[in-house]
Amino acid sequence: MRNRTVRVFALATALVVGGTALSAPAVAAPSHGYVQGAGAVNDDWGDEGEFSRSAYSIGWAVGLWQTVLYADGYLEMGDIDCQFGPNTEKATMRWQLDHGVGVDGRAGPQTLSRADNKLEYVNSTWVRYHGNRYDVILLRHESNNGRYSFTNRDGNIVPANYNGANCA
C-alpha cells in the first residue's frame, strides 16, 4: 500500500521536426549526456545506458534509478546518494528478482525497460511512476530534448545526467 506520494520532478520532451511532434520511441544513450525520453512514457528508459558499479557509477542519472528503487521499497530516502555502490547493487538485484528480470545487479536496458512499464501520464506535463511503496511524480516537459530531471533528497531539482557529481 502506498502510504504517501513522493514528488520527484523529471523533464522530458518530444522530438519536434518541422513543427510536427514525432511519437516514435525514444532513442537515448549516455553520449547524449542525460536520461532522455520521447513519445510514449513506457518506452523512455529501455534504450538508456547501463548503471552499475563499473559503468556510470556516479551521477544524477544513478540518483534517478535510486529514486525508482526507493519508490518500490528497496532503498530508503537517505540511500539516494547518486553512487551505484554495494547497497544500490543489492537493491537492484532484489528489484530484478521481484520483477522477473535477469538478476545481475546492473540497471541496464532490460531492467530499465521493465521499470518504465510502471510509468504513466498524469497529464501532458506530469508522469507517475507507480512504485510498490510510493508513487513518484515526474515532470515531463515538452521543450528540453527529452531530458529528465528529478528532485533529490535535499529538495533540489537536478538533471538526470550521466556525468553529474555525487549528490550526497
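Every read-out reported here was derived from the displayed coordinates using simple, explicitly stated rules and does not represent laboratory data. From a predicted model like this one, the values you see are computed outputs, not experimental measurements. Cβ coordinates were reconstructed from backbone atoms using ideal geometry, including for glycine residues, and neighbour counts include every protein chain displayed.
Just to confirm a number: summing +1 for Lys and Arg and -1 for Asp and Glu over residues other than residue 62 whose beta-carbon lies under 12 angstrom from that of residue 62, what do you get?
Details: positive: 53, 106; negative: 48, 50, 79, 81, 89.
Charge balance in the 12 Å sphere: -3.
Summarising the amide proton neighbourhood of residue 127: residues at separation of 5 or more, or on other chains, whose placed amide H is nearer than 5 Å comprise 122, 138, 139, 140.
Provide, as a two-decimal number, the C-alpha radius of gyration of the range 70-139 over 2.2 N^0.38 Å, N being how many residues it has. Numbers along the way, then the final one.
Values: Rg = 12.4 Å, N = 70, 2.2 N^0.38 = 11.1 Å.
Cα-based Rg divided by the globular estimate yields 1.13.
Here, the range 35-152 yields an orientationally averaged convex hull projection of 6.3 nm² when only Cα atoms define the hull. Scalar couplings 3J(HN,Hα) for the range 40-55, obtained by applying the Karplus form with A = 6.51, B = -1.76, C = 1.60 to θ = phi - 60°, are 5, 5, 7, 9, 6, 9, x, 10, 7, x, 8, 9, 7, 5, 10, 9 Hz; x denotes Gly and Pro.
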